[in-house]
Structure formats: structure tokens, C-alpha cells
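Worksheet for the structure shown next.
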Amino acid sequence: MDPANAGFIVFSWRLQVDERTGRERRTPVNELECGDIAAMTKDDPPLQAQTSRERTAMDLCHKIAKVRNEIAHLRPPKPEEVERLIAALSDHSREVAESGTT
């Protein structure tokens, strides 16, 4: 990967390399889920947001992943986490509506 683009999704897929086997796994960008994006911020090099909208999206991904993971493991998510997620989604929807873009 070009070091100038390290931590960014440059192409139309995400490349992961298994450190033990060296095998590559490519995930099309349109197949990424919030949990994938949240995890990519912890990669080396980390995925980084460049704009306010990207930062908002990455923040939403973290909140969504946290609630989703609790549900997926048959644990009730903390009410305050659900409330924060709903508030963040409302704020994001308002931001998108005000900007006139999707």
C-alpha cells in the first residue's frame, strides 16, 4: 500500500492480510458494515476521517457496533448506549437534511 494513502480506503475494497498465513482477504467497500469500519480505526495504520461528515459517520459506526454487538451476544445493550445512538442518528439525519445531500 502507498504510505501516502495509509489508513484510507483507496480502492473499491478493503484488504486484510492474515498475519499468520499471509493470505489476503478483500472486502468490497459496499459490503463493509459498521463493525468493520469501527475496527478499521484500530488497524495499523488506522482508518482516519478527513471531513466532518466522515468523522460523524465513524462516530455512528462505533455507537452502532457497540449496541449491535451486545444484541448479537444476547445481552441487552445499556439504555444510555441506545439513547446515545438514537441521538447521534437524529443529529446526523438533521445534518444531512440541512446540507441537502445524502
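Highest GNM mean-square fluctuation among L32, L60, L74, for the chain modelled with Cα contacts below 10 Å: L74. Anyone know which of A87, A65, A49 comes out most mobile in the 10 Å Cα GNM of the chain? Answer for the Gaussian network model of the chain: A87. This structure gives P(r) over Cα pairs in 10 Å bins from 0, in percent, computed directly, and of (1) 14, 46, 31, 8, 0; (2) 14, 35, 34, 14, 3, 1; (3) 13, 38, 33, 14, 2 that value is listed as (3).
Compared with the dominant principal axis of the Cα atoms in the chain, helix 52-72 is inclined by about 80°.
The R75 and V17 beta-carbon pair, evaluated with R₀ = 35 Å, returns a calculated FRET efficiency of approximately 0.65.
Ranking S52, V29, L85 by Cα position along the charge dipole of the range 3-99, where only Lys, Arg, Asp and Glu carry charges on their C-beta atoms, puts V29 farthest toward the positive end. The relative contact order of the chain comes to 20 percent, based on Cα pairs under 8 Å that sit 6 or more residues apart.
Based on Cβ point charges of +1 for Lys and Arg and -1 for Asp and Glu, what charge dipole magnitude is obtained for the range 3-99 about its Cα centre, in debye rounded to the nearest 20?
Values: 15 positive and 17 negative charges, 39 e Å.
Result for the range 3-99 is approximately 180 debye, rounded to the nearest 20.
In what sequence, highest mean first, do 52-58, 36-42 appear when ranked by Cβ atoms within 10 angstrom? It would help to have the intermediate numbers written out before the result.
Working: 52-58: 13.6, 36-42: 16.6.
Going from most to least packed, we get 36-42, 52-58.
Between the helical axis of 79-99 and the longest alpha-carbon principal axis of the chain there is an angle of about 80 degrees.
Near W13, the amide H atoms lying under 5 Å from its own belong to V29; only residues 5 or more places off or on other chains count, and H is placed 1.01 Å from N.
No lab work stands behind these numbers, since they all come straight from the coordinates. All of these numbers come straight from a predicted model, not from anything done at the bench. Glycine gets a Cβ as well: all are built from the backbone with ideal geometry, and neighbour counts include every protein chain shown.
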